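This report concerns only the one structure given below.
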Amino acid sequence: MSKQYVSHYAEVDPFVTKDGSVIRELMHPLHHASQRQSLAEARLSAGQKTLLHRHLKTEELYYITHGNGLMTVDGQCFAVQAGDTVCISPGQAHCIENVATEALVLLCCCSPAYSHDDTEVLAET
């Protein structure tokens with residue numbers, strides 16, 4: 001079966017990543033025509049925080065589309081809100097927390113593409 005050039009949101013099943021966030025892989029080389037990167041939507045419920053983790057090979061871009069939260073990258077904690085973009089370099093420990101009463105939604109672009117094998121959980125809480 002050939003890989004898809006188009007992904008339809010309603011047809012993408014969400015799943016839980018190693019960091020605890022619920023994501024939908026909107027584009028990924030395993031299923032789509034992209035070759036070197038992936039694009040996912042992540043959602044965190046009110047009060048939810050991802051586990052502190054890092055990726056040894058992957059650079060990530062987080063683009064906040066809805067809500068606001070607290071982002072931690074290499075020990076620096078800062079507020080993020082809809083419209084903000086965060087760059088996370090390979091090896092940087094990071095997590096994000098939803099500090100609002102509504103969902104925190106973000107797009108996450110990974111290069112190379114997201115892989116559970118490239119995700120190292122550093123803290124359980």
Suppose every K and R has +1 on its Cβ and every D and E has -1 on its Cβ; what is the size of the dipole of region 18-121 about the Cα centre, in Debye to the nearest 20?
100 debye
Relative contact order, percent, region 5-78 [alpha-carbon distance under 8 Å, six or more residues apart]:
21 percent
Among 67, 20, 75, determine the one that fluctuates most according to a GNM of the chain built with springs between C-alpha atoms less than 10 Å apart.
75
Any lysines with Cα under 21 Å of the residue 3 Cα? List them, leaving off those in the same chain fewer than 8 positions away.
none
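Which FRET efficiency, nearest 0.05, do residue 8 and residue 121 yield, Cβ-Cβ r, R0 22 Å?
0.10
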Less than 12 Å from a label point 7 Å out along the Cα-to-Cβ axis of residue 81: which backbone N atoms in region 32-68 qualify, by residue?
67-68
√(5λ) per eigenvalue of the Cα gyration tensor, the chain, largest first, Å
23, 17, 12
When the chain is treated as a GNM, springs tying every alpha-carbon pair under 10 Å, which of 31, 66, 55 comes out with the largest mean-square fluctuation?
31
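Coordinate-derived values only; no laboratory data. Here the structure is a predicted model, which is why all the values come from computation and not from measurement. Cβ coordinates were reconstructed from backbone atoms using ideal geometry, including for glycine residues, and neighbour counts include every protein chain displayed.
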